[in-house]
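A short reminder: the numbers here are calculations on the coordinates, not readings from a lab. Remember, it's a predicted structure, so these values are computed and weren't measured experimentally. Note that we place each Cβ from the backbone using ideal geometry, even for glycine, and neighbour counts take in every protein chain shown.
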Amino acid sequence: MSIKHVQEYRDGELARELAAAIRSVTTGNIRLMEVCGTHTMSIFRHGIRTVLPEEITLLSGPGCPVCVTSQRDIDCFIALTSLENVIVATFGDLMRVPGTVSSLQKEKAKGCDVRIVYSVFDAVEIAAENPDKEVVFCAVGFETTTPTVAASILMAQQRNIPNFSVHSAHKTTPAALGALMETPGVAIDGFILPGHVSVITGTDGYRGVFEQYQVPSVITGFEPVDILTAVLMLAKQAAEGKPALENAYPRAVSQAGNTKAIAIMGQVFETCDATWRGIGEIPESGMALKPEFRSFDALERFDLTVPDVGEPKGCACGEILMGLKTPEQCPLYKRTCTPAHPVGPCMVSSEGSCAAYYRYN
Ligand code: SF4
């Protein structure tokens, strides 16, 4: 997208008009959840909360992939570093996430072979260059990243690189929305749905969860005009009492999504039950390697005995990810938990709510 094109979605005058329209249609209290961590950051960065009427509450949701990764998965990633002859490859966001007793960054500092990669294909190349080592990629993320990881496994298979494997902690977005709606105490009047995940899933990806729960839902992009447009559409739906699944990001998201990416994901992965931080197990919300690709599954390849000890004491990441609390309601926020000394992943990740509050609020 050109700079000129982006500027259209940062137009101050248009943003003011949208904010005025939101105020005029808002008739009562509305709680909207921005599902995606990138939306959370953008909302803070552009001061969007400050132009909304006080009746509208924006809640952060479970769309930060690092934040929703369970403590046990983080501990498993860290345990892999202590295995002989293993290189652990990861995106940078995971490095500082605290496990129960360590972090990938601390293990690297102790001399373990942990490498930050910018693409999963870099991890495949590391494996190709080190045939006498095992290379494990720590895979977290939603529908945006799973197809690429699937492609990396097909590539490793085609190039006969057997020393590459993946520890999959991938998750699916619609399943989490359904779980939220089933959680006692969760009150959401509308979902601002993630733009980049929806590029893959299309509008159709949310059809099932929308039809089941009838919660107003709008897919949108990450510029201020995108977000304000989605808020306006949700406020109108709420005022009219007519929930709908709408797409405010048609320049990137189609109804069917990226069918090639969906196909490649379905070729390599299948859904499985998965544990989400703070939320617990959600049926059919994870992505596991299909039986024919299990030789690339790190959990099959290595005998990891990692106890499930639960999340850090006092950390409210789980409640924050469900919109039940704000970071400021966590007793550790800004006291023992800061970006320099994070207790939970929401303070580490570039998409984490606690990091966003700390930086901007
Ligand atoms: S402030 Fe820190 S301890 Fe509290 S919820 Fe956020 S990450 Fe967890």
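With angles folded into 0 to 90 degrees, how steeply does helix 146-158 sit against the dominant principal axis of the chain? Use alpha carbons for both and round to 10.
So the inclination is approximately 30 degrees.
May I ask you to work out the translational diffusion coefficient for segment 99-208 at 10 °C, viscosity 1.306 mPa s, via Stokes-Einstein with Rh from the Kirkwood sum over Cα pairs, reported in whole µm²/s?
Working: Rh = 16.6 Å.
Calculated translational D: 96 µm²/s.
What trypsin sites (Lys or Arg not before Pro) in segment 7-37 are in a loop by DSSP, with at most 15 other Cβ atoms within 10 Å of the Cβ?
Values: sites: Arg10, Arg16, Arg23, Arg31; in loops: Arg10.
When the trypsin sites (Lys or Arg not before Pro) of segment 7-37 are filtered for loop state and at most 15 Cβ neighbours within 10 Å, Arg10 remain.
Expressed as a fraction of 2.2 N^0.38 Å, the rule-of-thumb size for a compact globular protein of N residues, what is the C-alpha radius of gyration of the chain?
Details: Rg = 20.6 Å, N = 361, 2.2 N^0.38 = 20.6 Å.
Ratio of Rg to 2.2 N^0.38 Å for the chain: 1.00.
Distance in nm between label sites at Ser350 and Thr336, each 7 Å beyond Cα in the beta-carbon direction?
My value for the distance between the label points is 3.0 nm.
Running Debye on segment 247-361 with equal point scatterers at the Cα sites and no solvent, what base-10 log of I(q)/I(0) appears at q = 0.14, 0.23 Å⁻¹?
At q = 0.14, 0.23 Å⁻¹ the computed log10 ratios are -0.87, -1.14.
Quick check on the chain: of the DSSP beta bridges with both residues there, what percent are antiparallel, nearest 5%? Can you show the working numbers first?
On the way: 9 of 40 bridges.
Expressed as a percentage, antiparallel bridges in the chain total about 20.
If you put +1 on each Lys and Arg Cβ and -1 on each Asp and Glu Cβ, how big is the dipole of the chain around its Cα centre, in Debye rounded to 20? Walk me through the intermediate numbers first.
Numbers: 30 positive and 40 negative charges, 167 e Å.
Approximately 800 debye in magnitude.
Report P(r) for segment 207-265: all Cα-Cα distances, bin width 10 Å, range 0 to the bin holding the largest distance, values in whole percent.
Pair shares across the bins are 22, 43, 29, 5, 0.
Placing +1 at every Lys and Arg Cβ and -1 at every Asp and Glu Cβ, with all other atoms neutral, what dipole size does segment 1-144 have around its Cα centre, in debye to the nearest 20? Walk me through the numbers before you get to the answer.
Values: 14 positive and 19 negative charges, 110 e Å.
Its charge dipole is roughly 540 debye.
Beyond a 21 Å Cα-Cα separation, which of these cross-linked pairs lie in this structure: Lys108/Lys334; Lys133/Lys171; Lys313/Lys334? Display every interim value, and only then the final one.
Values: Lys108/Lys334 27 Å; Lys133/Lys171 28 Å; Lys313/Lys334 15 Å.
Beyond 21 Å between Cα atoms: Lys108/Lys334; Lys133/Lys171.
What angle, in degrees between 0 and 90 and rounded to the nearest 10, separates the Cα long axis of helix 224-240 from the longest principal axis of the Cα atoms of the chain?
60
List the aspartates and glutamates whose Cα lies under 18 Å from the Cα of Lys260, skipping any in the same chain that are fewer than 8 positions away.
Straight-distance partners of Lys260: Glu143, Asp204, Glu270.
DSSP loop GluC sites (Glu not before Pro) in segment 21-115 with at most 12 other Cβ atoms within 10 Å of their Cβ, which ones?
Working: sites: Glu34, Glu54, Glu55, Glu84, Glu107; in loops: Glu54, Glu55, Glu84.
Hits after loop and neighbour filter: Glu54, Glu84.
Using the Cα centre of the chain as origin and beta-carbon charges of +1 (Lys, Arg) and -1 (Asp, Glu), tell me which of Phe269, Leu332, Asn361 is placed farthest towards the positive end of the dipole.
Asn361
Assigning unit charges at the beta carbon (Lys, Arg +1; Asp, Glu -1) and nothing else, what dipole magnitude in debye, to the nearest 20, does segment 207-249 show about its Cα centre? Could the numbers behind the result be given before it?
Values: 3 positive and 5 negative charges, 26 e Å.
Computed about the Cα centre, the dipole is about 120 debye.
Which of the chymotrypsin sites (Phe, Trp or Tyr not before Pro) found in segment 97-161 are loop residues per DSSP with 11 or fewer other Cβ atoms within 10 Å of their Cβ?
Values: sites: Tyr118, Phe121, Phe137, Phe142; in loops: Tyr118, Phe142.
Those that pass, being in a loop and sparsely packed, are Tyr118.
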